[in-house]
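The values are calculated or read from the model by the stated rules, or taken from the named source; none is laboratory data. Remember, it's a predicted structure, so these values are computed and weren't measured experimentally. Cβ placement follows ideal geometry from the backbone for every residue including glycine, while neighbour counts extend to all protein chains displayed. Note: accessible area is taken over every heavy atom of the protein model, side chains too, but ligands, DNA and RNA are not part of it. Shrake-Rupley method; radii C 1.70, N 1.55, O 1.52, S 1.80 Å.
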Amino acid sequence: MAPGWWTEAVIYQIYPRSFADSDGDGIGDLPGITARLGHLAELGVDAVWLSPFYPSPQADAGYDVADYRDVDPLFGSLADADRLIAEARAKGLKVIVDLVPNHTSSAHRWFRAAVAAAPGSPERARYIFRDGLGPDGAEPPNDWQSVFGGPAWTRLVEPDGRPGQWYLHLFDTAQPDLNWDNPEIRAEFVDVLRFWLDRGVDGFRVDVAHGLIKQADLANWEEPQEILSGNEADKPRPPMWDQDGVHEVYRQWRQVLDSYDGDRILVAEAWVEPAERIARYVRPDEMHQAFNFEYLLAAWTAPAQYAVITRSLEATDAVGAPTTWVLSNHDVIRHASRMGLSAKGGRPNGIGIGDPQPDAALGLRRARAATLLMLALPGSAYLYQGEELGLPEHTTLPDESRQDPTWERSGHTQRGRDGCRVPIPWEADAPSYGFGPTDASWLPQPPLWAEYALDRQQGVSGSTYETYRTALRLRREYALGRGTLEWLSSGDEVLSFRNGGLTVLTNFGTAAVPPPAGELLHSSAPLDADGRVPTDVTVWVRHS
Ligand code: NOJ
């Protein structure tokens, strides 16, 4: 049997609020996306993944879903979703939608019913309600912290006006965690899968896939939570993450997907370490792919990149799944900025006015080298909207305009993720840089956005956009996604490997190095005057 499309696909993440706005209200929408699908076909990706567009109070930018079977009027209608799916198919693009099973919105009819019902009722049994501790139940049931900061429990006011039970929310208070031990929840999500599969989607990105099942005793866990980490290899597993019970859920879902024609896929968003634990999500009867966050977080040094690439390939090979690669998404600092931060600076959750600012030129140079390295690797790669333009993080966003719940919940200590979610620039001289027909933009765009606009880069040799496009064309031509990696050099300064007909070299050192022998096909930046590969540059060479 031929390997499925997803084993080697390049999948482009669309963050609907920030991609393209058709009606000028400052928030991107589905018709906007449909109108811009041509860009993605031309760029040369295989599929799109859409972050949530479902009805939602938008307490967490749509990751708080109030109805899993509809489209929020902010983004359009179900008919618009159908048109988007059909248009994408006509352009040869697959469509993956986001599924958020760990929690609903507090505006979901189920949660409203739970709040109105009595403790111990079937309505409450859909969520994780507990009595509080202490004589009057005024203490939360355990010490868990929310990923966005503050306690992971909120106390209800019961229908009779008295303070009542507490409910668990690993994220915002407006995102109550579902009780996945309840068969009704399982049945509901199978039905939701079918709803979207019947509409023709090619798969689901599964939000917080490692969180659905909690350790039964809800044992205390005093560690603070972090959006970027599940658990570390050398520490005991936290009682809320990566419990073995989650796998049963995905085995059932796999059967549902397999009962449909075509190759429909599940991809796990699971902040879990080490790579062997992640590989458990992609065993043959579970999901198809899992995001490789260890790769995203790896330092930009030859030894760190060598180690993470090798480990990732080994871990997924062991279960017969393709490896995935990703450098940016809507939860992390864009890699064009992240890679320009001082190595000692750690991993900030957002950057704002007054914070140490990244070196933009260094960041972009490294980001392009990293992208070319990534796109030459076997497996499937994820791109985040705007990275093909070399878009940096908005690192001077005024704090008053921040919308990520992290900023408030952390008591203004973590700036959060707004900086990577700013609406993207299409046309340098248009209002909102072509994001929409008006100047409106739900997050302010930085003044320098014009230089990154698509129309400034199209047809410009050496632009980031053309660099991506060439890479994607060659990746397809040389079937790199389904190739095999063979290391040629893995020193402290230079990494080099073969994948099929291509030799790839990245220079991490301080001195320029000679390129591999053969015809130079592509490079992330020009070679120096002596034809050598400068620092922070990746080259693709066709060997004879
Ligand atoms: C992961 C999503 O990527 C993030 O944006 C969201 O805030 C959390 N899950 C909660 O749904």
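For this structure, a couple of remarks:
- Annotation: Trp49 fulfils all but one of (1) more than 30 Å from Asp317 (Cβ to Cβ); (2) among the aromatic types (Phe, Trp, Tyr); (3) within 16 Å of the ligand (Cβ to nearest atom); the unmet one is (1).
Quick grid of which residues meet (1) more than 28 Å from Thr7 (Cα to Cα); (2) modelled with pLDDT of 95 or more; (3) in a loop (DSSP other than H, G, I, E, B):
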site: Trp166; (1), (2), (3): yes, yes, no
site: Leu170; (1), (2), (3): yes, yes, yes
site: Leu197; (1), (2), (3): no, yes, no
site: Val201; (1), (2), (3): no, yes, yes
site: Ala216; (1), (2), (3): yes, yes, yes
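- For region 404-415, a tally of residues being open to solvent by less than 100 Å² (accessible area, probe 1.4 Å) and either in a helix (DSSP H, G or I) or within 15 Å of the ligand (Cβ to nearest atom) (or both) returns 8.
- For region 104-121, filtered to residues that are part of a loop (DSSP other than H, G, I, E, B) and not hydrophobic (A, V, I, L, M, F, W, C), the residue that is farthest from the ligand (Cβ to nearest atom) is Gly120.
- For region 158-174, taking the residues that are more than 15 Å from the ligand (Cβ to nearest atom) and out of contact with any Gly (no Cβ under 6 Å at 6 or more places or on another chain), the one that is most open to solvent (accessible area, probe 1.4 Å) is identified as Arg162.
- Filter pass, Arg155 being basic (Lys, Arg), open to solvent by less than 10 Å² (accessible area, probe 1.4 Å) and over 30 Å from Gly262 (Cα atoms): no
- Cβ-Cβ distances below 8 Å connect the following pairs, each with a first residue in region 136-147 that is away from the ligand (no atom under 16 Å from the Cβ) and open to solvent by 20 Å² or more (accessible area, probe 1.4 Å), a second residue that is among the acidic types (Asp, Glu) and modelled with pLDDT under 95, and a separation of six or more residues or different chains: Asp143/Glu222.
- Flag for Asp177 being within 16 Å of the ligand (Cβ to nearest atom), modelled with pLDDT of 95 or more and out of contact with any helix residue (DSSP H, G or I) (no Cβ under 9 Å at 6 or more places or on another chain): yes
- Of everything in region 89-103 that is open to solvent by less than 10 Å² (accessible area, probe 1.4 Å), in a strand (DSSP E or B) and closer than 16 Å to Ile265 by Cα, the residue that is farthest from the ligand (Cβ to nearest atom) is Val95.
- When region 472-519 is filtered for residues that are under 24 Å from Gly363 (Cβ atoms) and among the charged types (D, E, K, R), the ones remaining, listed by number, are Arg475, Asp492, Glu493.
- Counted residues, region 189-216 - those being open to solvent by less than 30 Å² (accessible area, probe 1.4 Å) and more than 14 Å from the ligand (Cβ to nearest atom): 12
- Top-ranked residue in region 284-302 [being out of contact with any Phe, Trp or Tyr (no Cβ under 9 Å at 6 or more places or on another chain) and open to solvent by 40 Å² or more (accessible area, probe 1.4 Å); ranked as farthest from Gln252 (Cα to Cα)]: Ala299
- Any hit, region 452-462, residues being crowded, with 20+ Cβ neighbours inside 10 Å and either of a type in the set (A, V, I, L, M) or within 22 Å of Ser380 (Cα to Cα) (or both): yes
- If you check Gly459, Gly491, Gly518 for being in contact (Cβ under 8 Å) with a residue 40 or more places away in the chain and out of contact with any Cys (no Cβ under 6 Å at 6 or more places or on another chain), only one passes: Gly491.
This table checks each residue for (1) more than 16 Å from the ligand (Cβ to nearest atom); (2) acidic (Asp, Glu); (3) touching a helix residue (DSSP H, G or I) at 6+ places or on another chain (Cβ under 8 Å); (4) more than 23 Å from Ala9 (Cα to Cα).
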residue	(1), (2), (3), (4)
Arg402	no, no, yes, yes
Arg417	no, no, yes, yes
Ile424	yes, no, yes, yes
Asp429	yes, yes, yes, yes
Pro446	yes, no, no, yes
Leu474	yes, no, yes, no
Ala479	yes, no, no, no
Glu486	yes, yes, no, no
Val494	yes, no, yes, yes
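- Taking region 64-76 as the range and being without any contact (Cβ under 8 Å) to a residue 24 or more places away in the chain and open to solvent by less than 50 Å² (accessible area, probe 1.4 Å) as the test, only Asp72 passes.
- For region 218-242, the set of residues classified as within 12 Å of the ligand (Cβ to nearest atom) and either among the β-branched types (Val, Ile, Thr) or modelled with pLDDT of 95 or more (or both) consists of Ile227 only.
- Any hit, region 364-372, residues being within 16 Å of the ligand (Cβ to nearest atom) and in contact (Cβ under 8 Å) with a residue 24 or more places away in the chain: no
- Members of region 497-511 found to be in contact with a Leu (Cβ under 8 Å, 6 or more places away or on another chain) and either under 12 Å from Pro303 (Cβ atoms) or surrounded by fewer than 21 Cβ atoms within 10 Å (Cβ to Cβ) (or both), listed by number: Arg498, Gly500, Phe508
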